[in-house]
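The values are calculated or read from the model by the stated rules, or taken from the named source; none is laboratory data. Bear in mind the structure is a predicted one, so any value in this text is a computation, not a measurement. With ideal geometry, Cβ positions are generated from the backbone for all residues, glycine too; neighbour counts draw on all protein chains shown.
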Amino acid sequence: MKRVTLPALLLTIVSFLVLSTVDARLQQQSTAADRFEVSDVMVPMRDGKRLHTKIFTPRLRQGSGEAGWKGEPLPIIFKRTPYGIQGAANTFNAYYKALAEDGYIFVHQDIRGKFQSEGDFVMQRPARLRQGSGEAGYVTDPSSIDEGTDTCDTIEWLIKNVRNNNGRVGMLGVSYDGWTTIMGAIEPHPALKAISPQASPADMWLGDDFHHNGAFRLSYGFEYAAMMESGKDVQQFSFDRYDTFDWYLSLGPLRNINEKYLKGKIPTWNDYVAHPDYDEFWKRQTMIPHLTSVKVPTLNVAGWWDQEDFYGPIAIYDALEQHDTHGINYLVVGPWRHGGWSGGTGDSLGAIPFGSNTAEYFREKIQAPFFAYYLKDQGAKDFPQAITFEAGANEWRRWDQWPPTRSTETRALAFGAREELTLSGTGTREPGAGPVPVSRLPDTGFDEYVSDPAHPVPYRQRPIQATYFPGGSKWSTWLVEDQRFVDDRNDVLSYETAPLESDVTIAGEVKAHLFASTTGSDADWIVKLIDVYPEDNPSNWALAGYQLMVSNEVFRGRYRESFEKPKPIEPNKVLEYTWSLHTQNYTFKKGHRIMVQVQSTWFPIIDRNPQTFVPNIFQAAEGDFKAATHRVYRTPQYPSRVDVPVVRGR
Ligand code: PG9
């Protein structure tokens with residue numbers, strides 16, 4: 001037998017790794033370098049800081065019949081990001097593929113304070129103050145800067161310095177890059193002619209990454225702040241547990257984060273602690289009050305199962321829509337996770353198939369034509385007000401209004417005894433479906449459970465890897481996970497209809513109305529609307545009995561009367577809680593059942609409510625966390641329900 005010495009083996013492994021890396025790099029470089037001339041520049045801003053910018057100009061193709069740029073002036077597609085622009089070339093194979101085929105100059109920029117750009121990074125830097133709302137140019141301090149001025153200064157530089165540009169600029173980007181897009185359009189440079197803010201957060205306290213209705217998004221809020229503010233680059237927090245559920249639970253109260261780990265060094269964490277309620281800090285950060293006119297044609301993009309920013313894109317669309325006198329504000333919502341439209345085919349999400357390549361459809365049939373029309377005068381203005389993918393039916397729908405209130409009627413999914421759920425106007429559930437938990441007998445007009453902060457309900461199946469765990473994390477698809485994993489919990493209530501006799505399609509806003517009490521003085525309420533597949537599902541056995549979450553949201557009880565001034569809940573008093581589970585367009589197919597689940601913990605995506613009122617949960621002590629009994633009522637006087645917008649005549 002031939003013996004392989006250790007040095008020889010090492011040499012072979014190292015040369016294989018080196019060669020394959022070089023080979024991969026060459027392949028990547030040859031595609032981008034083959035098609036574009038790339039230049040790195042530092043673009044000066046009005047306050048003297050310089051931002052690192054990469055410009056990709058298509059190479060000239062002179063041969064007859066050869067596709068590519070023939071020398072005509074081209075528009076610029078511009079993206080601004082805090083995540084680094086080194087990998088910019090990768091976007092040409094997916095996100096930008098259809099655009100690149102149409103011909104644009106592409107520009108990527110590191111925002112202020114990140115990677116190679118100068119200046120300071122401020123998480124979601126608020127728009128600079130104005131004297132009169134909606135009047136661009138009325139700034140209190142003309143030398144002030146924000147993401148909008150950085151965008152304007154860069155566009156001014158680009159149209160003057162990038163050769164062969166046609167004087168028109170479009171902006172786009174997902175999430176933070178979507179947010180920089182909309183922030184760049186508040187006081188837009190006149191050359192900015194089209195934007196597509198995609199999954200942009202709009203309000204970090206009401207509904208996006210950091211809180212939902214005041215409930216703190218612990219795992220995301222902590223991991224993201226640490227990732228972005230530990231250095232100029234991005235750095236993952238290093239957990240000593242694979243299953244971060246254990247890590248967060250053994251952490252104890254939130255004040256231990258600074259005491260044990262961050263030591264006051266992460267500004268965004270300190271802001272969470274200093275601003276637990278909806279105060280001026282959060283109100284200054286949201287751009288919604290600045291959206292008082294549609295200055296640039298806008299293609300808003302969202303994903304139904306976006307685990308980070310679904311509230312934002314819809315809120316931005318809604319705000320702009322109030323002022324859309326020229327009909328240039330559009331909405332697209334597909335069956336996607338956060339940013340799922342920017343790569344891949346979009347034919348499925350987790351276990352759920354959609355029957356077609358929805359992400360490719362978006363990039364080729366919606367995004368590319370939108371920019372071609374507004375930046376190149378190509379194609380027709382055939383953009384519906386809203387285009388949504390109706391999962392369940394698996395069809396794209398075009399709407400002249402969103403939400404389409406003229407085409408829908410509100411119907412109640414009413415909670416009943418024996419875990420029944422009844423869709424108003426369709427008759428009742430067949431009796432005798434499954435065992436009834438002892439705690440719900442005899443019928444009292446309510447169902448109850450003990451919510452114990454020491455044993456919270458996991459929000460997704462454990463092990464819960466860190467959000468961006470390099471070894472792979474199920475974070476991005478958690479919203480489509482099978483909800484049967486909480487079946488055996490006594491602290492989750494499930495109400496279910498009989499199998500549907502015909503399809504039920506919803507389009508528009510889903511709303512929870514809960515009549516509930518607690519023995520404590522604060523409580524969280526989480527309501528989930530679920531599509532239950534039939535047990536007999538021969539076309540796809542992987543989905544037999546599957547419980548797919550269609551809509552969901554949390555509400556923190558202390559904010560029942562005011563987001564600004566939290567109040568204790570009076571123990572044992574039945575109170576009404578009403579909140580939005582957001583918009584949806586979905587078909588529950590004939591033979592499926594509709595389920596609603598209610599629970600009070602969703603850990604660690606939502607921090608644990610102590611269930612004893614304390615002024616600031618970030619300062620709560622271990623002893624404040626107490627188990628409490630929660631009751632959900634379902635009587636004519638207290639009709640807990642979920643209201644759904646059912647499409648008429650379908
Ligand atoms: N959801 C991310 C984010 C955006 C803006 C602020 C904070 C987080 C993102 O994916 O960029």
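Couple of notes before you dig in:
- Residue check for V234: surrounded by fewer than 18 Cβ atoms within 10 Å (Cβ to Cβ), within 30 Å of F371 (Cβ to Cβ) and within 14 Å of the ligand (Cβ to nearest atom): yes
- Residue among D271, D324, D309, D277 that alone is in a loop (DSSP other than H, G, I, E, B), within 16 Å of the ligand (Cβ to nearest atom) and modelled with pLDDT of 95 or more: D309
A quick yes/no check of all residues on (1) over 30 Å from Y272 (Cα atoms); (2) touching a residue at least 24 places away in the same chain (Cβ under 8 Å); (3) in contact with a His (Cβ under 9 Å, 6 or more places away or on another chain); (4) among the aliphatic types (A, V, I, L, M):
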position: G87; (1), (2), (3), (4): yes, no, no, no
position: Y104; (1), (2), (3), (4): yes, yes, no, no
position: D110; (1), (2), (3), (4): no, yes, yes, no
position: D120; (1), (2), (3), (4): no, no, no, no
position: T154; (1), (2), (3), (4): yes, yes, yes, no
position: W157; (1), (2), (3), (4): yes, yes, no, no
position: G173; (1), (2), (3), (4): no, yes, no, no
position: P197; (1), (2), (3), (4): no, yes, no, no
position: P201; (1), (2), (3), (4): no, yes, no, no
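- Checked across the stretch 51-68, the condition of being farther than 26 Å from K376 by Cα and either at pLDDT 55 or above or over 27 Å from the mean Cα position of the chain (by Cα) (or both) holds for at least one residue.
- Restricting R130, R125 to residues that are modelled with pLDDT under 95, out of contact with any Leu (no Cβ under 6 Å at 6 or more places or on another chain) and within 29 Å of R46 (Cα to Cα) narrows the list to R130.
- For the stretch 631-650, the candidate set comprises residues that are under 16 Å from V598 (Cβ atoms) and among the polar types (S, T, N, Q); within that set, the residue that is surrounded by the fewest Cβ atoms within 10 Å (Cβ to Cβ) is T635.
- Residue match in the stretch 240-263 (condition: within 14 Å of the ligand (Cβ to nearest atom) and over 26 Å from Q461 (Cβ atoms)): no
- Within the stretch 630-643, being outside any loop (DSSP other than H, G, I, E, B) and touching an Asp or Glu at 6+ places or on another chain (Cβ under 9 Å) holds for H630, R631, V632, Y633, R634, D643.
- First in the stretch 274-292 and farther than 21 Å from Y176 by Cα, second anywhere and at pLDDT 95 or above and of a type in the set (V, I, T), Cβ under 8 Å, 6 or more apart: P276/I617
- For G334: the one exception among (1) at pLDDT 95 or above; (2) small (G, A, S); (3) surrounded by fewer than 16 Cβ atoms within 10 Å (Cβ to Cβ): (3)
- Which numbered condition E390 fails, given (1) over 20 Å from Y586 (Cβ atoms); (2) surrounded by 20 or more Cβ atoms within 10 Å (Cβ to Cβ); (3) under 19 Å from the mean Cα position of the chain (by Cα): (1)
- Condition met for E101 (out of contact with any strand residue (DSSP E or B) (no Cβ under 7 Å at 6 or more places or on another chain), modelled with pLDDT under 95 and either within 16 Å of the ligand (Cβ to nearest atom) or not in a loop (DSSP other than H, G, I, E, B) (or both)): yes
- Yes/no for Q611 being touching a helix residue (DSSP H, G or I) at 6+ places or on another chain (Cβ under 7 Å) and touching a residue at least 60 places away in the same chain (Cβ under 8 Å): no
- Check on G113, assigned to a loop (DSSP other than H, G, I, E, B) and either farther than 18 Å from R284 by Cβ or within 12 Å of the ligand (Cβ to nearest atom) (or both): yes
A quick yes/no check of all residues on (1) buried (at least 20 other Cβ atoms within 10 Å of the Cβ); (2) over 30 Å from N256 (Cβ atoms):
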site	(1), (2)
F563	no, no
K573	no, yes
E576	no, yes
L581	yes, yes
N585	yes, yes
K590	no, yes
Q599	yes, no
I606	yes, no
P610	yes, no
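- Test: residue in the stretch 442-460 that is among the polar types (S, T, N, Q) and free of Cβ contacts under 8 Å to residues at least 24 places away in the same chain: yes
- Conditions (1) in a loop (DSSP other than H, G, I, E, B); (2) out of contact with any Leu (no Cβ under 7 Å at 6 or more places or on another chain); (3) buried (at least 20 other Cβ atoms within 10 Å of the Cβ); number of the one not met by I366: (1)
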